[in-house]
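One structure, pasted below without further comment.
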Amino acid sequence: NYLLRMGQLQAADEDAIVKHLVAFFTSLTPQMIEPDNYRLGLEKHILANEKDLSNGIPTCEQVRLRRIMGNQLRYLHVAAPCFDARVVAGRIVDGHGDLRPDHIYAELPPSIIDCIEFNDRFRYIDVASDAAFLAMDFDFRGRPDCGSYFAERLAAALYIHLPEINVD
């Protein structure tokens, strides 16, 4: 994060981090879970988020929130074969659960710290989720170039290929 804030994150640092993350993700043992149970867990998580987020927000924002959550649930249903294939392929692992630039030290070799420890369920995720979370946080920090860089390289190295599915 320091190198990122100071504009000192170099291509060699990024490459070393990608290589380290790929080694980390590919070393993880796939979770033994039934595809239906995995999707049910995601559905419960979406519904819990909706409940938590809807407390205390104006009615107009609740309409927007319901629309967003409805789209997530619809995608979960329409893309069920994609989610199921990722479970069967062993892509659900005991991962990091909260991968952000703050958790990566660009030393040689790079190190990753601060995985979620208070709730195992939050770490039992698709490797694509950890990669996406990292990319999203780079975007949030005003560095979409880094987000794209890591997302593209991790997706290629970890065989993350989810088709676009229209939920309308």
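The values are calculated or read from the model by the stated rules, or taken from the named source; none is laboratory data. Note that the structure is a prediction, hence the values are computed from the model and not measured. Note that we place each Cβ from the backbone using ideal geometry, even for glycine, and neighbour counts take in every protein chain shown. When the accessible area is computed, the model is the full protein with side chains, heavy atoms only, and any ligands, DNA or RNA have been set aside. Shrake-Rupley method; radii C 1.70, N 1.55, O 1.52, S 1.80 Å.
Looking at residue 47, is it open to solvent by 30 Å² or more (accessible area, probe 1.4 Å) and under 19 Å from the mean Cα position of the chain (by Cα)? Give the steps one after another, and end with the answer.
Numbers: open to solvent by 30 Å² or more (accessible area, probe 1.4 Å): yes; under 19 Å from the mean Cα position of the chain (by Cα): yes.
Judged against the criteria, residue 47 is a match.
Would you be able to say whether some residue in segment 100-108 is within 17 Å of residue 29 (Cβ to Cβ), touching a residue at least 24 places away in the same chain (Cβ under 8 Å) and touching a strand residue (DSSP E or B) at 6+ places or on another chain (Cβ under 8 Å)?
For segment 100-108, residues within 17 Å of residue 29 (Cβ to Cβ), touching a residue at least 24 places away in the same chain (Cβ under 8 Å) and touching a strand residue (DSSP E or B) at 6+ places or on another chain (Cβ under 8 Å): absent.
Go through segment 1-55 and count every residue that is at pLDDT 85 or above and acidic (Asp, Glu).
Residues flagged as at pLDDT 85 or above and acidic (Asp, Glu) within segment 1-55 amount to 5.
Which number in (1) modelled with pLDDT under 85; (2) farther than 21 Å from residue 158 by Cα marks the one condition that residue 74 misses?
(1)
For residue 158, work out the one condition from (1) at pLDDT below 85; (2) more than 15 Å from residue 24 (Cα to Cα); (3) touching a helix residue (DSSP H, G or I) at 6+ places or on another chain (Cβ under 6 Å) it doesn't fulfil.
Every condition holds for residue 158 apart from (2).
Can you work out which of the residues in segment 118-141 that are outside any helix (DSSP H, G or I) and open to solvent by 50 Å² or more (accessible area, probe 1.4 Å) is modelled with the highest pLDDT?
Checked segment 118-141; the qualifying residue modelled with the highest pLDDT is 141.
Sticking with this one: Quick one: in segment 99-115, which of the residues that are in a loop (DSSP other than H, G, I, E, B), of a type in the set (A, V, I, L, M) and surrounded by fewer than 16 Cβ atoms within 10 Å (Cβ to Cβ) is modelled with the highest pLDDT?
Only one residue fits best here, namely 108.
Give me the residue from segment 63-76 that is open to solvent by less than 50 Å² (accessible area, probe 1.4 Å) and over 18 Å from the mean Cα position of the chain (by Cα) and, out of that set, farthest from residue 126 (Cα to Cα).
65
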